[in-house]
């Protein structure tokens, strides 16, 4: 098996991304006139982007083996099923 | 078949790995715990989403009840604590056990594990402190886990502007808000207590080294997860 060498990411740059994305989020939520449905989508997209930055670079998931990534990823579809199933029940 | 190559990988600590997942047991244990915590927070956030979008009456608008700028500052504090935590990890991985050390030709001193972990603890404690202040102010203004308290300032506002303050859904709003942020605050408090324990018992006596810093990596995973959850909570609870 071949091992790939990884360098450390620029943590301060990731912090900068997180800061800028947070400022954009707050500005979009409080000061923009974007329609509500679009605003929700934009804010969720930004939140997921930020969460992925933390998971990938601060928690080093990007550099871990697949089998460890799977441990963290397994509950995510279960979480989606839990919420979607309950919402669907409410709608029907 | 590719042959094995030995390369120095800065992202893979030099610890004996358990067979299977390829990581040491305490790290695997933390990842399994975090996976279970994902489900815990999903239950809370999912309940909030279902209640919020299931009710026909209006929900309180962002910024009507909650202090968004104050919480945005708190979010900034937690992001800063996350980067200081990962700097603590990088410092001890490089064998920097010290607090601060002068670097020839540079004005700023180089931070070691003791410095960056202390910064993380201070930012985490400040986050909890700001959250406590926020709770005290909210309850003082009449926003409680059971909704708007009768006769309070917020109850008067809700009576005057039922749509903006979500007068009919105040009880659901209060219970879900305090459940989600309260459990998250509890996680942050546990993290600060754990880091303080590690700081006193392991970091100050310099028991961690570049050869073994498993405790720092494991508490770091927990801390970043707490930050990750807050990123989602801040958006869903305060901004949407």
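The values are calculated or read from the model by the stated rules, or taken from the named source; none is laboratory data. The structure presented is a predicted model; accordingly, all values stated were derived computationally and were not measured. Because the Cβ atoms are built from the backbone with ideal geometry, glycine has one as well, and the counts that use them run over all protein chains shown.
Side notes on the structure shown:
- The single residue among A:33, A:37 that is surrounded by fewer than 16 Cβ atoms within 10 Å (Cβ to Cβ) and either part of a helix (DSSP H, G or I) or touching a strand residue (DSSP E or B) at 6+ places or on another chain (Cβ under 7 Å) (or both) turns out to be A:37.
- Scope region B:130-152; condition more than 18 Å from residue B:183 (Cβ to Cβ) and assigned to a helix (DSSP H, G or I); matching residues: B:133, B:136, B:137, B:140, B:141
- Criterion (assigned to a helix (DSSP H, G or I), in contact with a strand residue (DSSP E or B) (Cβ under 6 Å, 6 or more places away or on another chain) and within 27 Å of residue B:72 (Cβ to Cβ)) met by exactly one of B:125, B:155: B:155
- Filtered by the rule that a residue be part of a helix (DSSP H, G or I), surrounded by fewer than 24 Cβ atoms within 10 Å (Cβ to Cβ) and touching a residue at least 40 places away in the same chain (Cβ under 8 Å), region B:93-121 gives B:93, B:114, B:118, B:121.
- Residue in region B:206-216 that is within 14 Å of chain A (Cβ to nearest Cβ), at pLDDT 95 or above and under 10 Å from the mean Cα position of the chain (by Cα) present: no
- Only one of B:58, B:62 that is outside any helix (DSSP H, G or I) and at pLDDT below 90: B:62
- Region A:43-79 - residue that is assigned to a loop (DSSP other than H, G, I, E, B) and surrounded by fewer than 16 Cβ atoms within 10 Å (Cβ to Cβ) and, of those, nearest to the other protein chains (Cβ to nearest Cβ): A:65
- The residues on offer are B:86, B:130, B:68, and the sole one that is closer than 30 Å to residue B:159 by Cα, within 14 Å of chain A (Cβ to nearest Cβ), touching a helix residue (DSSP H, G or I) at 6+ places or on another chain (Cβ under 8 Å) and touching a residue at least 40 places away in the same chain (Cβ under 8 Å) is B:68.
- Residue in region B:36-47 that is in contact (Cβ under 8 Å) with a residue 24 or more places away in the chain, closer than 27 Å to residue A:6 by Cβ and part of a helix (DSSP H, G or I) present: yes
- Within region B:34-54, the only residue that satisfies the criterion of being surrounded by 15 or more Cβ atoms within 10 Å (Cβ to Cβ) and over 30 Å from residue B:133 (Cα atoms) is B:35.
- Filter result for residue A:26 (surrounded by 14 or more Cβ atoms within 10 Å (Cβ to Cβ), free of Cβ contacts under 8 Å to residues at least 24 places away in the same chain and in a helix (DSSP H, G or I)): yes
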